[in-house]
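The structure appears below as structure tokens.
The values are calculated or read from the model by the stated rules, or taken from the named source; none is laboratory data. All figures in this text were calculated on a predicted structure; none of them were measured in a lab. No Cβ is skipped: glycine too gets one built from the backbone with ideal geometry, and neighbour counts run over all protein chains shown.
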Amino acid sequence: MKTEPLVTFERRDRLALISLHRPERHNALVPGPEKTWAVLAEPVNRCVQTVQCCASVSRPNARILSARFKPKPPLTASIYFCGDVNMYKLILTTLLFSTPVLSAEPAQAPKIDTERVTLSGISSGGQMATQLHIAYSDLFSGAGIIAAGPFGCADGSLATAMARCMGKADTPLPVEALADGIRAAAQQDLVADPENLADDPVWLFHGTLDTTVGEEVSDATAALYAEFVPAGQITYVNDVAAGHNFPSRGRGGDCTALQAPFVGDCNYDAAGAILQHLYTGMETPAAEAVTQLQTVTLPGAAEAGLSDTAYLFVPPACAAGGHACALHLVLHGCAQSAVQVGTGFMEQSGYLAWAEANDIVLAFPQVVPATLNPYACWDWWGYTGADYRWRNGRQMQVVSDWIRQLSAKRD
């Protein structure tokens, strides 16, 4: 059989995700698919692992639900896998789901209330959320941080990051010095004026069973924020029995287990707690979200170690464009990127239901694994360069530019 472009196959329940890779672009660690299809898999009890095979095409008459491009049916109906696996036939068909699945890029960008742009993150995503919030306090108006250290904790060194920003720190973190560093950086326009933080709500979390990030590290994050934010605007939750995962209620795996997608059923709705602290007048969702996640292209992503595919969640009222909606940026943790866990974190964390019930647009950028960053962590120690935590840092610029683009005023 003639070998064609490589294909990656991943099965989730009855949904299969198939990505086409050109041979010259294929990389086992960072696939970078050119096209992705959602299909039904037959037989549904086989092919449970991600595999790479050569593809052979045959027979027309299928409709493709695409995450990256507009379908032009009729298209090829069958893809056969070869190599070390038996031949399985994947029937391409139109899919209808009651739970969130991927859809094409939105035809019209939603209107965003620029006074209601906030962000949150867990672990490395929490570190990045702190960096973005402080560096761009003129863009973001509040933050939620789960299990993460203070701004500048690593000071540009992986060794320092591991020594004082992860497990139990050997010595107390220099909070006052870190705060002085932020003020000095503002004088050089490396971060925004920290006075902007004075009216921002901040929500912090550390699980009592978290052994990956020490409690004193999260304590230092709370103390650093207290240098700039009044105490009445800071909520610090540190009495929930949760491990190093995203705490949820009725979703995810064991609360203490470190297993993908790192969402723990801890009988605690962290997503709801974050959004209720950052926004007033929130309505408790009555049901799971039915709106689809959308894939969009993230400009400049590759140069910053990010995936060129990001995700948006746009509630119907926001898609209609009738009024301006809030915008919340969500940053995953290490090993939690869509490249590694698909949409599991996005769908199980609880953000979607709250956002749909309260007209909040969600933005989910993604990090890709790389040699210097095999777990797809956000850069909080300097693997993208010495400017990683400043306004001119690679990831900082790409993400903030995207948020500004989404927030741009529209008629």
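What the table below lists for this structure:
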{"item": "Lone qualifier among GLY264, GLY272 - being of a type in the set (Gly, Ala, Ser) and assigned to a strand (DSSP E or B)", "result": "GLY264"}
{"item": "Every residue from the range 370-387 that is surrounded by fewer than 22 Cβ atoms within 10 Å (Cβ to Cβ) and outside any strand (DSSP E or B)", "result": "THR371, LEU372, PRO374, TYR375, GLY382, TYR383, THR384, GLY385, ALA386, ASP387"}
{"item": "Single condition GLY393 does not satisfy, out of (1) within 27 Å of PRO150 (Cβ to Cβ); (2) surrounded by 22 or more Cβ atoms within 10 Å (Cβ to Cβ); (3) touching a helix residue (DSSP H, G or I) at 6+ places or on another chain (Cβ under 7 Å)", "result": "(3)"}
{"item": "Extreme residue, farthest from SER349 (Cα to Cα), among residues of the range 239-273 that are surrounded by 22 or more Cβ atoms within 10 Å (Cβ to Cβ) and among the polar types (S, T, N, Q)", "result": "ASN245"}
{"item": "Some residue of the range 326-346 being in contact (Cβ under 8 Å) with a residue 24 or more places away in the chain and touching a His at 6+ places or on another chain (Cβ under 7 Å)", "result": "yes"}
{"item": "Residue list for the range 315-336, restricted to those being part of a loop (DSSP other than H, G, I, E, B) and touching a Ser or Thr at 6+ places or on another chain (Cβ under 7 Å)", "result": "PRO315, GLY333, CYS334"}
{"item": "Every pair of residues 6+ apart whose Cβ atoms lie under 9 Å, when the first sits in the range 233-249 and is free of Cβ contacts under 8 Å to residues at least 40 places away in the same chain while the second is of a type in the set (Lys, Arg)", "result": "none"}
{"item": "Lone unmet requirement of (1) within 25 Å of ASP193 (Cα to Cα); (2) surrounded by 24 or more Cβ atoms within 10 Å (Cβ to Cβ) for TRP354", "result": "(1)"}
{"item": "Residue satisfying condition, being under 26 Å from the mean Cα position of the chain (by Cα) and part of a helix (DSSP H, G or I), within set LEU209, LEU224, LEU178, LEU204", "result": "LEU224"}
{"item": "Residues that are of a type in the set (A, V, I, L, M) and at pLDDT below 95, drawn from the range 371-405", "result": "LEU372"}
{"item": "Residue identified as in contact with a helix residue (DSSP H, G or I) (Cβ under 6 Å, 6 or more places away or on another chain) and either under 17 Å from LEU352 (Cα atoms) or not assigned by TED's automatic domain parsing to the domain that holds ASP200 (or both) among ALA271, ALA286, ALA304", "result": "ALA271"}
{"item": "Residue among MET162, MET166 that is part of a loop (DSSP other than H, G, I, E, B) and either of a type outside the set (Lys, Arg) or within 14 Å of THR221 (Cα to Cα) (or both)", "result": "MET166"}
